[in-house]
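What follows is a single structure, and I will ask about it in a moment.
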Amino acid sequence: MKKTNVVLIYFVVSVFLAALPAFGTPSPTEQLKPTLDKLVTILGDQELQGDEKKRERRQKIMSTIAERFDFQEMSKRVLGSPWRDINEEQKKYFTELMTKLLENNYIGQLENYSGQKIEYVGERIKDDKAQVSTLIENNGAIYPVHYIMSQEGERWLVYDINIEGVSLVRNYRAEFKSIIRKDKYEGLVKILEEKNKSFE
C-alpha cells in the first residue's frame, strides 16, 4: 500500500473518531424539550391546581426548571461587571435572590397555563453557545420564545430567554445597572430582598 494511502486512511479514521463524542451528545433542542414537556405536564396536572397546592406546584416547577437552567450564569450576566468584585458567598446569595425573583415574577405567569402548544422551529449552534427557537400559541396568537444556552461538558443549559425580542438578561441588567449606579451593590441586594418578601 502506498504511503499516501496509509496517511489518508489514518487521517479519515482520526477525524471520524474525533467526531464520535459530538454525534453521541444530544442537541440543545433534544436536551431542552424533555424539560419543557415535563413543565407542561406539571402545569396541566389537575391535581396540582388551586391555591392550596401552590407550594407543591411551585416546588415541582422549580426543580424541573433547575435541571436545564443555569441560574448562576444567568445571575452573573444580569449583574454584569460587579460580579467580579463580590466574593463566592455573595455570588451564591445573589444567585438565590435572583432565582427567587424569577420564580415570583415568571412562574406566576406560567401558572396561568391553559393548554398552550410549543412548536420547535429552529436551532442555531456556534461553538459552545446555542439558541433554540420556539413558537407558543395562546388564544390564537403566536409568540416567539428563544432559549439561549451554553454548553458545559455534554450538557446544554439555558442562561437567557428572549420573549418577543426582549431578553430577560438584558432587561434585568439595564434595570440593575441604574440601581447600582445610585445605591451600589448593597442597595441592589436590599431591593431584591424587599421585592421577594413582598411576594410572600
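Since every read-out is calculated from the coordinates, none of them should be taken as a lab result. Quick caveat: nothing in here was measured; it's all calculated off a predicted structure.
Just SER81, SER133, SER167 to compare: in a GNM of the chain, with alpha carbon springs under 10 Å, which one fluctuates most?
SER81
Now for a separate question. Calculate the tail of P(r) for the stretch 45-115: the fraction of all Cα-Cα distances greater than 22 Å, expressed in %.
32
Lysines within cross-link reach of LYS54: Cα-Cα under 27 Å, excluding same-chain residues under 8 positions apart?
Cα-Cα hits under 27 Å: LYS33, LYS38, LYS92, LYS100, LYS117, LYS190, LYS195, LYS197.
Under a 10 Å cutoff between Cα atoms, tell me which one of ALA174, ALA66, ALA141 has the largest fluctuation in the Gaussian network model of the chain.
ALA141
How big is the C-alpha Rg of the chain next to the rule-of-thumb value 2.2 N^0.38 Å, as a ratio?
With N residues counted in the chain, Rg over 2.2 N^0.38 Å equals 1.28.
Using a Gaussian network model of the chain with C-alpha springs under 10 Å, which one of GLY50, GLY187, GLY165 is most mobile by mean-square fluctuation?
Taking springs between Cα atoms under 10 Å, the residue moving most is GLY50.
If one computes the Cα centroid of the stretch 51-104 and of the stretch 138-200, what distance in Å separates the two points?
Each part's Cα centre sits 10 Å from the other's.
What list of ³J(HN,Hα) values in whole Hz, one per residue of the stretch 144-149 in order, does the Karplus curve 6.51 cos²θ - 1.76 cosθ + 1.60 (θ = phi - 60°) give from phi, with Gly and Pro shown as x?
x, 10, 10, 9, 9, 10
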